[in-house]
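Each value in this text was obtained by applying a stated rule to the coordinates, not by laboratory testing. Just so it is clear, the structure is predicted and the values come from calculations on it, not from any experiment. Heads up, the Cβs are rebuilt from the backbone with ideal geometry, glycines too, and the neighbour counts pull from every protein chain shown.
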Amino acid sequence: MLTSELSIKEALQEYFGFNAFKGNQEKIIQSLLQGNDTFVIMPTGGGKSLCYQLPAIMMEGCAIIISPLIALMKNQVDLVRSYSNNDDIAHFLNSTLSRSTIKQVKADITSGKTKMLYVAPETLKKEENLEFFRGIKVSFIGVDEAHCISEWGHDFRPEYRQIKNMIAQIDKKIPIIALTATATPKVQSDIKKNLELEKPNVFMSSFNRANLYYEIRPKLTREQTINQIIKYVQENQGKSGIVYCLNRKSTEEIAELLSVNGIKAVPYHAGMESATRSKVQDQFLMEDMHVIVATIAFGMGIDKPDVRFVIHFDIPKSIENYYQETGRAGRDGLEGKCIAFYSYKDIEKLEKFMRDKPLAEREMGSQLLAETAAYAETSVCRRRFLLHYFGEQYDKENCGSCDNCLNPKEKTEGKDYVMMALKTAVAVNENYGIPYLVDLLTGKRTTEIGNYKHDKLDLFGVGKEKDAHFWNSVLRQCLLSSLVYKDIEQYGLIKLTDAGRAFLKKPKSIKISLNHDYISQAADVQTQVSVGKSVLDPVLFDMLKKIRESVAKEQTLPPYVIFSEASLEEMSTTYPCNLDELSKVSGVSKGKANKYGLRFASAIKKYVEENDIDRPNDFNTLKQVANKSVHKIHIIQNIDKKLPLDEIARMRGMKFVELIDEIETIVSSGTKLNLDYYLNEIIEEDLQEEVMDYFREMESGDLNEAYNELKEEGLSFEEVQLMHVKFMSEVAN
Ligand SMILES: [Zn+2]
């Protein structure tokens, strides 16, 4: 066995072609080579695999690497083989192999050619395999993705619990190296205990991803959120990004809306065939597609270094998931923006999904969700919060790269409040979690509090002049300042640290800031929206109507064909000052803006300047497109393909009349549709001309009136409607 420093470096150069180790790699390898149990917590991208691959090659015998996923196993083996000139160096053993391959694998191991064997825990468990391993020299056991051992990890695998037992059946003295990319202090403790690691050397790398920017935005309405996403992606054209959603429907809808906005986007979810899925992955890697709108199924084993943004349309189920998914941004160390949309309603929805799970699982799930909500609502540095969650202290006052640090909330003196919170925790023997303490502080008489007679405590209701939101903020900040911690054995119970006890004896100044209150923010916006309608500028509206009249006269067209009343109302609310802005008004297409818009836009511009009007600065650039449902987009696409209308109706599961109504809405909102391929089949061209003339002279645009006139020509109501669509498309849009 080679253990001198020089020879490890030589081996690194010889087997992997690297000149230097990254981070803790060398120390970890030393520890394992010396036969110690070793525990490695290293975020993805830190070079975790090398920590066991190099010693496996250097040590006598074959290392057994336990890995939870067959797909990852194959990847790892391919990777190891790519560094070596002999394929026997690494093998995997799992249920997908044929009998004869298994035989070959075992022969290679026995002959000493194979240095690493990847196995799934289910395979290791088989008696015939245990028997085989007893007969060979096993250099060490590697437990990859070790967090799968803990129910508190985000992908718990019950079989992982039996690993120690299996190792014992092979040989009690084999050293173990456990590796994971995510582990909270609780999960770390579970791993050590469960694998019975003997005085392990623990190597924890920092989880700080300095190049990532973290931001949480309130999720007010679905539509508004999707608009914000489209806008963000448009402003970042050409950059690669991932948008995460919880369900399939959202992935499809958002991908479609991004596509019609000129972005190369495609959905990705578990319901797709595996061939399609790998095609999507390739397209993303090759940059044929810029944005993947995915459920969490996407990303495993994908290592694209230049993902520039990760957007969460739905908040993830746990901070572990959030950290892992955001971690896919900026792997190359350059820009990586992580924006998540959060609404407490989403947390409640996720809680409902767990309804049918066993009680223990449900309780754990809601604790993880509570942590996620606390992260989203916190007003302290997000980086600090995240790192604290993984057991790491981040001391910088301002990280400079999260929304809370860039827009800090005002802080107030919290000494007295912190005292109240700490005293309350002590008064109930440090045996309760945050929600219970908040109830005590605010004096809420719950059944549980009644049962324990805690309403008889002197401190009961001591903080009742403040609300639950306030006390949640205080307790969270006590955690972050390490005045209290969460107990590992009985997870979630709040205990005082030494610093907390010192604070009780000698309180000192501590600044606190209130959490974000997204719920009332959402309520505010809703009222704003309803107020929005009444802020229509009546003077401007009258002006625009007059302009419309004169344009209509010049063009010898009815006024409604120029712009609808609703479009004028919107213009009188949002003040579009150029053609580009005008074309964002609903009912105004680009073509229509160019055709008739100039006089409107200049008049508005002049009006705004003369009256010194403060325009809404966030011009809603996407309204028009986002208002089109996926349904409408399909109809437009199919008409472009010249499919017969009855066929389109059948495909969309609509009645024919419903389809025509839908087509009418599409056209009246400013989109051009060419129905000639269909109309020419059913209406003589002369008659079509006649009907077009009729519409040109018609004042009101009332279709019933038109039908009464035109039915004498033998036209049905639907045909009149379709002709009106043609008219609007050709003349108005
Ligand atoms: Zn920060």
What distance in nm lies between label points placed 7 Å from Cα along the C-beta direction at Asn578 and Ser716? 4.8
Translational D in µm²/s for the chain (Stokes-Einstein at 25 °C, 0.890 mPa s, Kirkwood Rh from C-alpha pairs): 80
Cubic angstrom per residue, convex hull over Cα atoms of the stretch 534-621: 85
In the stretch 197-273, the GluC sites (Glu not before Pro) that sit in a DSSP loop and have at most 16 other Cβ atoms within 10 Å of their own Cβ are Glu198, Glu273
Quick one: what does P(r) look like for the stretch 412-515 with 10 Å bins over all Cα pairs, in whole %? 16, 53, 29, 2
Length gained when the stretch Ile682-Asn85 is fully extended (0.36 nm per residue, less Cα-Cα span): 207.8 nm
Provide the FRET efficiency to the nearest 0.05 for the Leu457-Leu130 pair, computing r from the beta carbons and using R0 = 45 Å. 0.20
Relative to the longest principal Cα axis of the chain, at what angle does helix 518-534 sit, 0 to 90 degrees, rounded to 10? 10
Relative to 2.2 N^0.38 Å, what does the C-alpha radius of gyration of the stretch 269-341 come to as a ratio? Two decimals please. 1.08
To make sure I understand, if each residue's beta carbon is the centre and we count other beta carbons within 10 Å, what order do Met204, Met289 fall in, fewest to most? Met204, Met289
Using every pair of alpha-carbon atoms in the stretch 4-70, split the distances into 5 Å bins beginning at 0 and state the percent of pairs per bin, rounded to integers. 3, 15, 29, 27, 17, 7, 1, 0
When the dipole is taken about the Cα centre of the stretch 534-621, and only Lys, Arg (+1) and Asp, Glu (-1) are charged at their Cβ, what size is it in debye, to the nearest 20? 480
Size of charge dipole - the chain - debye, nearest 20, with Cβ of Lys, Arg +1 and Asp, Glu -1, no other charges: 4060
Relative contact order in percent for the chain (Cα pairs under 8 Å, 6+ apart) equals 9
For the chain, what is the mean residue ellipticity at 222 nm derived from helices alone (per DSSP H run of n ≥ 4: -39500 (n - 2.57); sum divided by total residues; nearest 500 deg cm²/dmol)? -15000 deg cm²/dmol
For the peptides 710-718, 172-180, what is the packing order when you average, over each peptide's residues, the other Cβ atoms within 10 Å and list the highest mean first? 172-180, 710-718
Most to least packed among 379-391, 88-100 [average Cβ atoms within 10 Å]: 379-391, 88-100
Counted neighbours (other Cβ, 10 Å), sorted fewest up, put Leu130, Leu257 in the order Leu130, Leu257
From the Cα gyration tensor of the stretch 212-406, with a ≥ b ≥ c the square roots of its eigenvalues, which class applies: rounded if a/c is under 1.5, or else prolate if a/b is larger than b/c, or else oblate? oblate
Using the structure shown, select from Lys349/Lys409; Lys553/Lys592; Lys553/Lys595 the pairs with a Cα to Cα distance greater than 19 angstrom. Lys349/Lys409
With x for Gly and Pro, the residue-by-residue ³J(HN,Hα) of the stretch 402-417, computed from phi through the Karplus equation 6.51 cos²θ - 1.76 cosθ + 1.60 at θ = phi - 60° and given in whole Hz, is 8, 4, 5, 7, 6, 10, x, 7, 5, 10, 10, 5, x, 3, 5, 5
Just grab the label-to-label distance for Leu285 and Arg445, each label 7 Å out from Cα along the Cβ direction, in nm (one decimal). 6.5
Translational D (Stokes-Einstein, µm²/s) of the stretch 8-204 at 37 °C and 0.692 mPa s when Rh comes from the Kirkwood sum over C-alpha pairs? 196
Suppose we keep just the DSSP beta bridges with both residues in the chain; what percent of those would be antiparallel, to 5? 10
Site Glu223, offset 7 angstrom along Cα→Cβ, radius 15 Å on amide nitrogen, limited to the stretch 571-614, gives 585-588
Toward the positive end of the charge dipole of the chain, about the Cα centre and with charges on Cβ (Lys, Arg +1; Asp, Glu -1), which of Tyr323, Phe717, Pro267 goes farthest? Tyr323
Peptides 21-29, 449-457, 368-376 ordered by average Cβ neighbours within 10 Å, highest first: 368-376, 21-29, 449-457
Using the Cα centre of the chain as origin and beta-carbon charges of +1 (Lys, Arg) and -1 (Asp, Glu), tell me which of Leu441, Leu32, Tyr118 is placed farthest towards the positive end of the dipole. Leu32
Positive-end residue of Leu50, Val80, Asn733, charge dipole of the chain with Cβ unit charges: Leu50
Rounded to whole Å, √(5λ) for the Cα gyration tensor eigenvalues of the stretch 84-186, largest first, gives 25, 15, 14
What nm value, rounded to one decimal, do you get for the distance between Ala168 and Ser206 when each label is placed 7 Å out toward the C-beta? 4.0
In Å³ per residue, the alpha-carbon convex hull of the stretch 647-733 encloses 96
Suppose we keep just the DSSP beta bridges with both residues in the stretch 212-406; what percent of those would be antiparallel, to 5? 0
Reach of Lys642 by Cα under 22 Å, taken over lysines that are not fewer than 8 positions away in the same chain: Lys628, Lys632, Lys655, Lys672, Lys726
Subtracting the Cα-Cα distance of Phe541 and Asn431 from 0.36 nm times their residue separation yields 33.1 nm
When the dipole is taken about the Cα centre of the stretch 412-515, and only Lys, Arg (+1) and Asp, Glu (-1) are charged at their Cβ, what size is it in debye, to the nearest 20? 280
